[in-house]
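Some notes on the structure that comes next.
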Amino acid sequence: MKLADYTTVRLGGPARGFVRVGTEEELIEAVRAADASGEPVLILGGGSNLVVADEGFDGTVIQVATRGVSSGAGPGVLTVAAGEDWDAVVARSVAEGLAGLECLSGIPGLAGATPIQNVGAYGQEVSQTITRVRVYDRKTSEVLEIPNEQCGFGYRTSRFRGTDQFVVLSVTFGLAVQVRSVPVRYPELAAALGVSPGDQVESIEARSAVIELRQRKGMVINPADPDTRSVGSFFVNPVLDAAALAVVEAAARARCGPDTRLPRFATTEEGLVKVPAAWLIERAGFGQGYNPGDGARISSKHTLALVNSGSASTAALMALAREIRDGVRDTFGVWLAPEPVLVGVTL
Ligand SMILES: Cc1cc2nc3c(=O)[nH]c(=O)nc-3n(C[C@H](O)[C@H](O)[C@H](O)COP(=O)(O)OP(=O)(O)OC[C@H]3O[C@@H](n4cnc5c(N)ncnc54)[C@H](O)[C@@H]3O)c2cc1C
């Protein structure tokens, strides 16, 4: 068994042990038993945000296959088992006339992973609708219900990221009971829908438009599209304060001409802006389709997606990631951080 068979980028060596768990009790028991014996554990969802070393994982992989969606706890409330397919959850919410997840259509992986990096796209993040996350705490062996305000959600992060203390068992969402979407915030999506940012459309329309936009960028898994053999975006967009922004702006003018305007997006934090990593990567000389020739390349549809052409190794993928990170650092003075979880490798 190779972990390459369980990751969307189709990379990763063998694991010493592999167990698939179908119930919450089995999941907790598998983790508890491994912890008791000192066995390293890797919790596996859909493998869409994982880069695993060619050497594999020296421990037990626990694949989450728990199922169940319950909607009995009140209007708009959905409690979803960690092992549910994420896009099926979105599709169901839209079909049931619930709004708040429609822009998160087409994202691969399982529901239990969504709080970990606060999954987001096209103006929505799960932190906007998650009301609580039920977890198994490996430190105390307790099952806890963590309310939204204690989840530490931020841009592509939460208190569950960068630690293996918590195993997500289920996630509860509080959605608006309406067939209309929540206001469409993302300009590219609004344009695709022919509306202005802030307008609402039918959720089903928003879902279709998002999936179409994502397909064009190779951001919906499709075995027939080699550009989707990736982990999605490899780098997060850097978040800069005013001083760091001024340095990058000066570097951008030096590199691209005096009239260059560095694109940026507001963040929820005062004084901080997000700069598109794709813009920096392209201007640093790594365009779509960039291919150093050892099996790993940049997607031909999306600058942020690093793709396994079929013959890549994890080492080759990481070498490409390092080349891009170093090029952006040398050109703009910004360190790009990886979005996927790296197992047995470092950038
Ligand atoms: C084509 C493509 C497009 C993508 N687009 C987006 C996007 O638009 N926005 C976005 O935010 N992300 C995107 N991603 C990244 C990815 O889909 C999400 O991060 C997704 O939530 C990962 O889910 P998963 O089940 O595949 O997690 P995995 O890759 O299996 O695991 C990721 C991490 O979460 C941990 N984990 C998984 N399940 C649990 C659990 N139940 N309890 C505790 N830890 C757990 C794992 O141990 C690992 O550390 C994309 C990926 C691809 C391949």
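The values are calculated or read from the model by the stated rules, or taken from the named source; none is laboratory data. On a predicted model such as this, the values are computed, not experimentally measured, just so you know. Backbone-built Cβ (ideal geometry, glycine too); neighbour counts: all protein chains shown. Keep in mind that these areas ignore ligands, DNA and RNA; they rest on the heavy atoms of the full protein, side chains included. Shrake-Rupley method; radii C 1.70, N 1.55, O 1.52, S 1.80 Å.
Residues that are within 21 Å of ARG10 (Cβ to Cβ), at least 2 per element: which strands (runs of 3 or more DSSP E) completely within segment 31-96 meet that? Step through it out loud before you land on a result.
Numbers: elements: 41-44, 50-52, 57-64, 77-81.
Per the criteria, 41-44, 50-52, 57-64.
For segment 118-161, residues that are β-branched (Val, Ile, Thr), open to solvent by less than 60 Å² (accessible area, probe 1.4 Å) and either part of a loop (DSSP other than H, G, I, E, B) or under 28 Å from PRO276 (Cβ atoms) (or both) total 5.
Scanning segment 239-252 for residues that are surrounded by 14 or more Cβ atoms within 10 Å (Cβ to Cβ) and within 15 Å of ARG283 (Cα to Cα) turns up VAL248, GLU249, ALA251, ALA252.
I'd like the full set of residues that are in a helix (DSSP H, G or I) and open to solvent by 10 Å² or more (accessible area, probe 1.4 Å), limited to segment 192-208. First the steps, then the outcome.
Step one: filter segment 192-208 for residues in a helix (DSSP H, G or I), giving 192-193, 203-208.
Across segment 192-208, the qualifying residues are ALA192, LEU193, ILE204, GLU205, ARG207, SER208.
Under the condition of being open to solvent by less than 60 Å² (accessible area, probe 1.4 Å) and outside any loop (DSSP other than H, G, I, E, B), the residues counted in segment 162-191 number 12.
When residues in segment 310-340 are screened for being touching a Lys or Arg at 6+ places or on another chain (Cβ under 8 Å) and open to solvent by 50 Å² or more (accessible area, probe 1.4 Å), 2 of them pass. Scanning segment 109-123 for residues that are within 18 Å of ALA88 (Cα to Cα) and small (Gly, Ala, Ser), we see that the one that is farthest from the ligand (Cβ to nearest atom) is ALA111.
Residues in segment 221-238 that are of a type in the set (Val, Ile, Thr), crowded, with 20+ Cβ neighbours inside 10 Å and assigned to a loop (DSSP other than H, G, I, E, B): VAL231 only. Note on segment 280-309: residues that are open to solvent by 30 Å² or more (accessible area, probe 1.4 Å) and under 19 Å from the mean Cα position of the chain (by Cα) amount to 2.
Filtering segment 41-89 to residues that are open to solvent by less than 20 Å² (accessible area, probe 1.4 Å) and away from the ligand (no atom under 12 Å from the Cβ) leaves ALA53, GLY56, GLY76, LEU78.
If only one of GLU102, GLU29, GLU24 is of a type in the set (Asp, Glu), open to solvent by less than 20 Å² (accessible area, probe 1.4 Å) and more than 10 Å from the ligand (Cβ to nearest atom), which one is it?
Numbers: GLU29 fails: open to solvent by less than 20 Å² (accessible area, probe 1.4 Å); GLU24 fails: open to solvent by less than 20 Å² (accessible area, probe 1.4 Å).
On inspection, the qualifying residue turns out to be GLU102.
Here's the yes/no breakdown for (1) on the phi > 0 side of the Ramachandran plot; (2) β-branched (Val, Ile, Thr); (3) over 19 Å from the mean Cα position of the chain (by Cα):
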{"residue": "LEU42", "(1), (2), (3)": "no, no, no"}
{"residue": "VAL69", "(1), (2), (3)": "no, yes, yes"}
{"residue": "VAL80", "(1), (2), (3)": "no, yes, no"}
{"residue": "ILE107", "(1), (2), (3)": "no, yes, no"}
{"residue": "GLY112", "(1), (2), (3)": "no, no, no"}
{"residue": "GLU125", "(1), (2), (3)": "no, no, no"}
{"residue": "ILE130", "(1), (2), (3)": "no, yes, no"}
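Listed residues THR267, THR228; which is under 22 Å from LEU306 (Cβ atoms), within 16 Å of the ligand (Cβ to nearest atom) and hydroxyl-bearing (Ser, Thr, Tyr)? Steps first, please.
On the way: THR267 fails: under 22 Å from LEU306 (Cβ atoms).
From the options THR267, THR228, the qualifying one is THR228.
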